[in-house]
Every structure is written in C-alpha cells, then in structure tokens.
1. List the aspartates and glutamates whose Cα sits under 16 Å from the Cα of LYS8, skipping any in the same chain fewer than 8 residues away.
2. Express in Å², to the nearest 10, the accessible area of ARG109 obtained by rolling a 1.4 Å probe over the protein heavy atoms while all chains stay in place.
3. Sorting SER78, SER25 by accessible area (1.4 Å probe), largest first, what list results?
4. Got a sec? What order do VAL166, VAL42 fall in by accessible area at 1.4 Å, biggest, i.e. largest, first?
5. Given 10 Å bins starting at zero, what is the percent of C-alpha pairs of the chain in each, up to the one with the largest pair distance?
6. Enter the accessible area per residue of the chain (Å², integer; probe 1.4 Å; all protein chains in place).
7. Could you check the spin-label model distance between TRP163 and ASP41? Points 7 Å from the Cα along Cα→Cβ, value in nm.
8. Taking the Cα centre of the chain as the origin and placing charges on Cβ (Lys, Arg +1; Asp, Glu -1), which of GLY165, HIS125, LEU66 is farthest toward the positive end of the dipole?
Amino acid sequence: MPEYRRPKVKGATWFFTVTLTDRRSCLLVEEIDLLRRVFADVRRRRPFRVDAMVVLPDQIHAVWTLPDDDGDFSTRWSLIKGDFTRALTRQGRDVSTGRRLGERSLWQRRFWEHLIRDDGDFGRHVDYCHINPMKHGLVGRVMDWPYSTFHRAVREGDLSEDWAGVAEVTGRFGE
C-alpha cells in the first residue's frame, strides 16, 4: 500500500473537513464540552490559530493558521481525534472497534485539507464554515447555530448577526 503524503507548509493557513465514521451520529455536539477541552489541550501543546470553525453533529470544518516554524497539522488532528476518542472510552461511551484489531472507528481515517492560496480563498472557506449549519438544514439562520466561530466574528464586528439572511429549508441535506 502506498504511503499517504500530506504537504507540510510552515506557517500556512489550511481548510479542513474532519468527519465521524457514522454520518448519522450527533456525538460531536452531544459532547461539545469535551471536544472543546480536547481542542484547548492540543492547542496548548501544539499551538495553532483557529481562524474559523464550525462543529456539526458528525463533522468539523475549520480554517487554521500554523506557527511560522511549523507545518505539521496532521499530528494536531491525530491528537484531537485520539484524545477525544480515549476520553469518550474512559467515560464508558461505546466506541466501536475498527477494521483492524484494537482500532477504533469513531473517526474516518483521513480528512480533507486544502492549502489556502490567497485572501479570496480564505474568505470563501471562512464563509463555508459559517454557512454550513444552514446548508445542512440544521438552522434557518447562521446565528442560531451555537457551535461556530461565527459568533466570535459578530462580537469582533467582522460580521453582522443577520449575515447570510434566513433560509426557508426543509429536510436534511448532506455533502
């Protein structure tokens, strides 16, 4: 099997999508406090800036900027996924066994990453994070989804509360 390689660009800004194996799961929002603690702990150990992020029931979309002397986002995601899974296991949550002996399958093995190219690309990916709860039919207004950096952008004056308007959406839609 070929080795899977990811680029490592020091100090770069990246967009990520990280997904649970069970796409019907609501675990990430059910355990949002634990997920926040895990993120904070990993950020203390391996700093990075969260430019934008949204946590959906079964996936996370994020825009991160890494330190100038570091290009290793894979280790950060590995720590987040592993620490979150281990903490759930310690709490007695059922985390099913994966394809290999002893492997857990809470998370999809890989994740999507995209190197941000310029300011326009950055803005599109930040907007994508913020609009996602509406896109999936979880809320009618972006401001109604509590697990998003959208609220920070409003507090900092970068966006208004009515950004993206109101959606008249019925049903659930996936990617």
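The values are calculated or read from the model by the stated rules, or taken from the named source; none is laboratory data. Since the model is a prediction, treat every value here as computed from it, not as a measurement. Neighbour counts run over all protein chains shown; Cβ positions are idealised from the backbone, glycine included. Just the protein is used for accessible areas: all its heavy atoms, side chains included, with ligands, DNA and RNA removed. Shrake-Rupley method; radii C 1.70, N 1.55, O 1.52, S 1.80 Å.
1. ASP68, ASP69, ASP70, ASP72, GLU113
2. The accessible area comes out at roughly 110 Å².
3. Values: SER78 75, SER25 25 Å².
Largest to smallest exposure gives the sequence SER78, SER25.
4. From most accessible down to least: VAL166, VAL42.
5. 9, 35, 37, 17, 2
6. Details: 10000 Å² over 175 residues.
Per residue, the chain has an accessible area of 57 Å².
7. 3.1
8. LEU66
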